[in-house]
Amino acid sequence: MKIGEAQMHNQHIHSITIVGAGTMGNGIAHVCALAGFPVKLMDSNEEQLRIALQTIEKNLNRMAEKGKINPNDVASTLIRIQTYTDINQAIIDADMVLEVVPEHLSLKKLIWNQIEQGIDPKRLKQTIFATNTSSISISELAQGVTHPENMIGMHFFNPVPVMSLVELILGNKTSEQTFKTVESLTRELGKIPIRVHDFPGFVSNRILMPMINEAIYALHEGVAEKEAIDQVMTLGMAHPMGPLRLADFIGLDVCLNIMNVLHKGFQDAKYTPCPLLREMVEKGHLGNKTGQGFYIYDV
Ligand code: NAD
């Protein structure tokens, strides 16, 4: 099925509310709307919503230029996205809420609490709750909700319109029905779902982040220059991007948060975040999004 042609909707999910319109939220809104779903995109920051819509339009136009979608799909996709700064308006009649706010447990718990309070109580039992967390325990996030069986991890990869993987993470109470509904939705979005269990970092970040952290240690200890470290991994291991450039792309704050989750979750010193990573985050050098990380970028 060509992207943009999916009109046979999930029987359970007719529209999708996305809370958080940053790097990942705008990409998720893009793929959901392109697949034909009405999308309510919510962010507490109005400027972020404006940037998100601009980014989605730019990325859709690029796909049309490359012949990946029909040029007519650009306007019809954008029309399906409504933006909100008021969370209650965005979620009141939601079939599914996808939470895509920054990777902080306290913030995510607060948001899930607001979502629970804001949804029409008659709908709560059947609403699907998905979180795009990179590393926080789904079971822990689900502790605060009335229907933990409806909560699942739906971990998209950046850039969302391009990357085909979605890790689907089952918390200890996630029902098989929730999994099946979200698995079929993932396919409708043109993505490939992979089922994983709820361990710190799941599969992807448990493997990826220690590698990135080790690359930062190599730089910190003077093993080689940043370009050399990246080249070893692109030329020698056939990685499409070196680990330091990838860290910039993901966001160094995101990398640090995930290392902290791994460190705390496994209580193992091998997951200690590199001091250089901490230092860069403290200085606000977060990678592509701030214009400076290990490399310099235009913002
Ligand atoms: P981001 O900082 O780019 O975007 C987060 C958005 O949430 C911002 O627009 C912010 O304004 C908004 N927000 C903050 N508080 C809010 C609130 N109270 N209500 C509504 N909106 C609020 O972050 P991101 O990189 O998109 O990451 C979001 C989530 O996705 C995190 O859990 C992260 O771990 C995960 N993730 C990130 C990547 C990545 O490569 N960046 C990849 C996979 C998963």
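The values are calculated or read from the model by the stated rules, or taken from the named source; none is laboratory data. On a predicted model such as this, the values are computed, not experimentally measured, just so you know. Using ideal geometry, Cβ is built from the backbone for each residue, glycine included, and neighbour counts are taken over all protein chains shown. Just so you know, the surface numbers come from the protein's heavy atoms only, side chains and all, with ligands and any DNA or RNA stripped out. Shrake-Rupley method; radii C 1.70, N 1.55, O 1.52, S 1.80 Å.
Brief remarks on what is shown
- Adding -39500 (n - 2.57) for every DSSP H run of four residues or longer, then dividing by how many residues the chain holds, sets the calculated 222 nm ellipticity at -13500 deg cm²/dmol.
- In a fully extended conformation the segment linking MET237 and TYR297 would gain 19.1 nm over its present Cα-Cα distance, using 0.36 nm per residue.
- Only Lys, Arg (+1) and Asp, Glu (-1) charged, at Cβ; the stretch 6-197 dipole about Cα centre in debye: 360
- Selection from SER15, THR272, SER137, by position along the positive dipole direction of the chain (Cβ): SER15
- SER135, SER44, reordered so the largest accessible area comes first (probe 1.4 Å): SER44, SER135
- Sorting ILE250, ILE92, ILE81 by solvent-accessible area of protein heavy atoms yields ILE92, ILE250, ILE81, largest first, with a 1.4 Å probe.
- Of the DSSP H helices in the chain, those that are both long (alpha-carbon extent of 27 Å or more along the helix axis) and hydrophobic (Kyte-Doolittle mean at least -1.0) are 46-65.
- Mean-position separation - Cα centroids, the stretch 127-182 and the stretch 227-287, in angstrom: 24
- Simple Cβ-charge dipole of the stretch 205-290, Lys/Arg +1 and Asp/Glu -1, about Cα centre, in debye nearest 20: 260
- Residues with amide H under 5 Å from that of ILE18, placed H, sequence gap 5 or more: LYS40, LEU41, MET42, LEU98
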